[in-house]
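Chemist: This structure is in C-alpha cells; I'll ask about it shortly.
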Amino acid sequence: MARKNFGGIKTDIKCRILDKHFEPIQGIFAAGEAAGMAGGHINGAAALEGTMLGPSIFSGRVAGGWAASEAGYGDGFIGTPNRP
Ligand SMILES: Cc1cc2nc3c(=O)[nH]c(=O)nc-3n(C[C@H](O)[C@H](O)[C@H](O)COP(=O)(O)OP(=O)(O)OC[C@H]3O[C@@H](n4cnc5c(N)ncnc54)[C@H](O)[C@@H]3O)c2cc1C
C-alpha cells in the first residue's frame, strides 16, 4: 500500500479535470491527493511531509463549490473568505 501520492489528475484552478489538451472535461472535478495536492501542483516538486492535508481540504472546498455551481447552485468558489 502506498502511503502518499505525489502525482495526480491534472486540474485547473476550479478543480475541473483537464483532458490531454489541457481543456476542462465538463462535469468532472477532482480534489485532494487524487488531484496532486500532495505534490506536483500546489506543493511543486519539493513537497514536504505535513503539507498535504491543507491543500487536500482546500481543493475539496473549491471543487465542491464549482461542482455545485455547474449544477445550478451557488456562484462557485473564488477564494474569498465567507466571513465578516
Ligand atoms: C500514515 C500517514 C500519515 C500522514 N501524515 C500526514 C501529516 O502529518 N500531514 C499531512 O499534511 N498529511 C499527512 N498524510 C497525508 C494525508 O493524510 C493525505 O494526503 C490526505 O488525507 C489526502 O486527503 P484526501 O481527501 O485526498 O484523501 P483521503 O483522506 O484518502 O480520502 C479519500 C476518501 O475516499 C474514500 N473512498 C475511496 N474510494 C471510494 C469509493 N469508491 N466510494 C466512496 N468513497 C471512497 C475513502 O474511504 C476515503 O475516506 C499522511 C498520510 C498517511 C497515510
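The numbers here are math on the coordinates, done by the rules we state, and not lab data. Note that the coordinates shown come from a computational prediction; the quantities given were computed from them, not determined experimentally. Cβ atoms come from the backbone with ideal geometry, glycine included; neighbour counts cover every protein chain shown.
Chemist: So for 4, 14, fewest C-beta neighbours within 10 Å to most, what's the order?
Modeler: Lowest to highest Cβ neighbour count: 4, 14.
Chemist: Using the 10 angstrom Cβ neighbour count as an exposure proxy, how do 51, 11 rank, fewest first?
Modeler: Ordered from fewest to most neighbouring Cβ atoms within 10 Å, 51, 11 come out as 51, 11.
Chemist: So what are the ³J(HN,Hα) numbers for segment 21-28, from phi and the Karplus equation (6.51, -1.76, 1.60; θ = phi - 60°), rounded to whole Hz, Gly and Pro as x?
Modeler: My calculation for segment 21-28 gives 9, 6, 9, x, 8, 4, x, 10 Hz in order.
Chemist: Using modelled backbone amide H atoms (1.01 Å from N, in-plane), which distant-in-sequence or interchain residues come within less than 5 Å of residue 28's amide H?
Modeler: 17
Chemist: Under 13 Å between alpha carbons, and skipping anything fewer than 8 positions from residue 14 in its own chain: which aspartates and glutamates qualify?
Modeler: By straight Cα distance, residue 14 reaches 23, 70, 75.
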